[in-house]
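Structure first, commentary second.
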Amino acid sequence: MTISSAKKHRIFARDGWRCQYCGIPINEDSASVDHIKPKIDGGNNSDENLRACCKVCNSTKNGRSVDWLRKHYGLRCTPYAGIINVQTYEALVEAGAVLQPIPSIKFAFEA
């Protein structure tokens, strides 16, 4: 089911025309609507399941959970960013090879 333009505008206005993940201002060209619970996991198009975001954050999340996105962004804040993936990083933390876990990231909608 497609989200109507009127509904998108209502979501963007509700969320203050800001990406609810990274916090940057969005406009008609950069705005996107994200499903909090991805459609692939049974999420719907209700207002409660939709969030305004930029196209970069939406394509990065790409049907994954908010928790996945939090780990992805958290890993970018470590010295290993771009070198290893989240699973490898978590295994290294668990093995004691890395002393500091992935930082806990708060998104704009949580601030």
>> Take the residues in segment 57-85 that are open to solvent by less than 80 Å² (accessible area, probe 1.4 Å), among the β-branched types (Val, Ile, Thr) and at pLDDT 80 or above; name whichever of them is nearest to residue 36 (Cα to Cα).
In response: 66
> What about residue 63, is it without any contact (Cβ under 8 Å) to a residue 24 or more places away in the chain, among the small types (Gly, Ala, Ser) and part of a loop (DSSP other than H, G, I, E, B)?
Replying inline: no
> Within segment 1-54, how many residues are open to solvent by 50 Å² or more (accessible area, probe 1.4 Å), among the basic types (Lys, Arg) and either under 21 Å from residue 111 (Cβ atoms) or not in a helix (DSSP H, G or I) (or both)?
Replying inline: 3
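The values are calculated or read from the model by the stated rules, or taken from the named source; none is laboratory data. Just so we're clear, the structure is a prediction, and the values are computed from it rather than from any experiment. Ideal geometry is used to build each Cβ from the backbone, glycine not excepted, and the neighbour counts take in all protein chains shown. These accessible areas exclude ligands, DNA and RNA; they are computed on the full protein's heavy atoms, side chains included. Shrake-Rupley method; radii C 1.70, N 1.55, O 1.52, S 1.80 Å.
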